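Laboratory data are not the source of any read-out in this text; all were calculated from the coordinates shown. The shown structure was predicted, so the numbers you read here are calculated from the model rather than taken from an experiment. Cβ coordinates were reconstructed from backbone atoms using ideal geometry, including for glycine residues, and neighbour counts include every protein chain displayed.
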């Protein structure tokens, strides 16, 4: 069978083919054709795509023309990164980042330093404090800037006391980031109007064998003493007239005592010693909190027998209920008791002689209870007030009595002085014996005992 096509059928096939190609190709295929080859009815559909294919003319359109093209529902191409509009928006989005990184003018309680010896080996040969220490400046809650040693030394002002804080064992770097802010705020709460430069000295206190607690404690104790060499070298770079204080907790107290022993001309058990010509600060005060050292190590001739030669005053903040320090003698089987739990004994004070008058003890058991961590101490503002004459290096006449812990018994104490003033006009025959004994006890708070004159001078202020 033959199939013949006539003129009418041929015309119908051509129209169908034209319609099929126009629908299948779409506007983009038609846009590739020159405008002269398209009929007048197709100009309205390909006008916008034709303008898109001309970058030089498309990017010179004004804002009103671009707005009109979007309003007409036609597709617009993505703007290149080099366009002026997006350059302005990118600059505006980067501006907040620059203001956050830049140090603010008034940092408040976020202005302190963290000096880390975690990259130091602690060997006897490395006695130079500037060889391996890292210095970090906390300028805000989210900003910790790594600075050179020269920037740290330049930030020290001679008119403000410097306080070095040393943590104990089992404190990782992330723990230092959190606790340093709280401790700094705790120290500043004692005297918000006074200026204080706080420096947190972080040593490698990560435990290695927690399942062998006595062995791990002995290793960390020797390590803290070795890193006391870097603390002593760092303090030696400050001016000699700079007022300096040291706060050491647990094994941090051992690092502080080791640094004091080196300043006094001593040598550590591993052979570390300071170079000749070392100049210790003339005004140095120390606070030992829950010290994890033997009670007799400060005696002359003992391990740290020269530690009390340099400091002016030493506050021994002990805890008679410390359950962790109760296990301290077990590190040697039947070793000596810890100084941070029982303090100095009578034999120790007799061996210290005149140096024992520098040490004042304070039992913080009513605040820390049976706990040992640093957090159980720095959450009480009363203990911060007790550190005021030592941290801010105030004179003895300016010593502020620590506030008593809040209790029901603390209320009547502030009321009894007015009642005692109103009772003396009463006739002598009507005086009760109980009234006569109360005023002498409240009027003479500093009545030290004969056996331990210095031990109870501060502790009595906290007794209920």
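Table for the structure above
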read-out	value
FRET E, pair residue 206, residue 270, Förster distance 22 Å, beta-carbon r, rounded to 0.05	0.65
Rounded to whole Å, sorted largest first: equivalent-ellipsoid semi-axes of the stretch 180-322, Cα gyration tensor	23, 21, 15
Residues residue 302 and residue 185, FRET efficiency given R0 of 45 Å [Cβ-Cβ distance, rounded to 0.05]	0.75
FRET E, pair residue 151, residue 14, Förster distance 56 Å, beta-carbon r, rounded to 0.05	0.10
Protection proxy ranking of 374-387, 341-354 - average other beta-carbon atoms within 10 Å, highest first	374-387, 341-354
Exposure proxy order (Cβ contacts within 10 Å, fewest to most) of 213, 392	213, 392
Fully extended contour minus Cα-Cα distance, from residue 336 to residue 141, at 0.36 nm per residue	65.9 nm
Taking the convex hull of Cα positions in the stretch 107-398, its mean projected area over all directions (nm²)	14.4 nm²
Residue 375 paired with residue 132, simple spin-label distance in nm, labels 7 Å along Cα-to-beta-carbon	3.0 nm
Estimated inter-spin distance, residue 118 and residue 327, nm [label 7 Å along Cα→Cβ]	2.5 nm
Residue exposure sequence - 217, 246 - by fewest surrounding Cβ within 10 Å	217, 246
Order of 230, 278 - criterion: other Cβ atoms within 10 Å of each residue's Cβ, fewest first	278, 230
